[in-house]
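What follows is calculated from the coordinates using simple rules that are stated; it is not laboratory data. Every value quoted in this text rests on a predicted model; they were computed, and no experiment measured them. When we count neighbours, we look across all protein chains shown, and the Cβ atoms used for this are built from the backbone with ideal geometry, even at glycine.
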Amino acid sequence: MSRATSLRDVALYLRGRLNTRLSQLANVRDRTPPVVPAPIAEVIRGVRTPQALSRLLEGRSNAERESAVARYLRARSVPFALHRFASSEGAGENFSVDLGEGDRALLLAAHHDAVDGSPGANDNAAAVGILLSLIERLAAAPPTKLRLRFLFTAAEERGFLGARHYARETYVGELAGVLSLELCGIGDSVVIWDVADETPFLRTISAALEGIGLERDRSYHVVGRIPMFGSDHRAFAPLGVPAYGFTLVPSANAEALRQFVFSPVRSALRHLIRRPVPFDTYHTPRDRGSTLEPQALALALRALEAVIAAVA
């Protein structure tokens, strides 16, 4: 491991610990009643929309969330690879599902953990539900010239720990690109974020989104690196892979959100006051399934299917 990589890992570890601690302190004061998790067997037998599948994780501990993903994949007879990791920073299990054929792979990631004290519906059970739905929808007719890799990561809230371990142990030269799904259950506008440079992958994403009728800077946005927030794609970007975050936000809040995420000092102060949607429930006990919007989840599915078709 290079010295630069080692220093980056230390910085991410400290960021993750600070992020977790701040959320824990804030959540202690929140009197929102806890969520009673849905029986896993009931979710497995039920409808398989993203919103329904988000109940697989909502309100559970991280160990239970991890176990629930594996249990669902086994129950639905979905072949998957298990990637265990352990280090001084923590331990966990990532799960990957491959569909399709070809020399190139498109990786779609969603973390299954949540911060302590939060039911974790939008962060990030909704994204897990979206990927599980995509697997089901695409399994009957997977791409023939592209492999799709669905990666469910552990310990994202600890500085993308699961994704970092996965990226180190996987051949990334085959990856056409990475999208990590984060906060995908509220809003009517797609955001592709942490974009440093124009790449063929980014141009493909933009063409795909415009192909389904989205308009840049109105119903979809491309933004640069966000200072305070991050997600699993940041484990792949330093390795030379075009890797971005994929999020939904309310278009009516676009300017307030831009000021919030690009101003670290203001963001830190507003953490204690009122934050714009969808960050008003982010990392709090109010991040519940009742706040998820079916139309947002449907838009996320439609956008990702368009990207998959364009990359293939």
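Points worth noting:
- Length gained when the stretch R203-R84 is fully extended (0.36 nm per residue, less Cα-Cα span): 39.4 nm
- Of the two radii for segment 88-156, the radius of gyration is 1.06 times the Kirkwood radius, both from the alpha carbons; that is the Rg over Rh value.
- Rounded Å value of the spacing that divides the Cα centres of segment 219-256 and segment 110-187: 14
- Estimated vicinal HN-Hα couplings, Hz - segment 144-154 in sequence order (Karplus 6.51, -1.76, 1.60; Gly, Pro = x): 9, 10, 8, 9, 9, 10, 9, 10, 9, 9, 9
- In terms of packing, defined here as the mean over residues of other Cβ atoms within 10 angstrom, the peptides 200-209, 108-117 line up highest first as 108-117, 200-209.
- Taken over segment 57-190, the ratio of Cα radius of gyration to 2.2 N^0.38 Å equals 1.02.
- Computing FRET efficiency as 1/(1 + (r/R0)^6) for R31 and S263, where r is the C-beta to C-beta distance and R0 is 35 Å, gives about 0.75.
- Binning the C-alpha pair distances of segment 154-250 at 10 Å intervals from 0 yields a P(r) profile of 15, 48, 30, 6 %, listed from the shortest bin outward.
- Backbone N under 17 Å from the K145 label point (7 Å along Cα→Cβ), restricted to segment 285-312: 306-312
- Of the labelled figures [x] 123; [y] 138; [z] 175, only one reflects volume of the Cα convex hull per residue in Å³ as derived from the coordinates, namely [x].
- Approximate spin-label separation E255-A41, in nm, with each point projected 7 Å along Cα-to-Cβ: 5.4
- Computed as a quarter of the hull surface, the mean projected area of the alpha carbon convex hull for segment 142-188 stands at 5.0 nm².
- Beta-bridge orientation, segment 3-311: approximately 45 percent antiparallel, per DSSP, counting only bridges with both partners inside.
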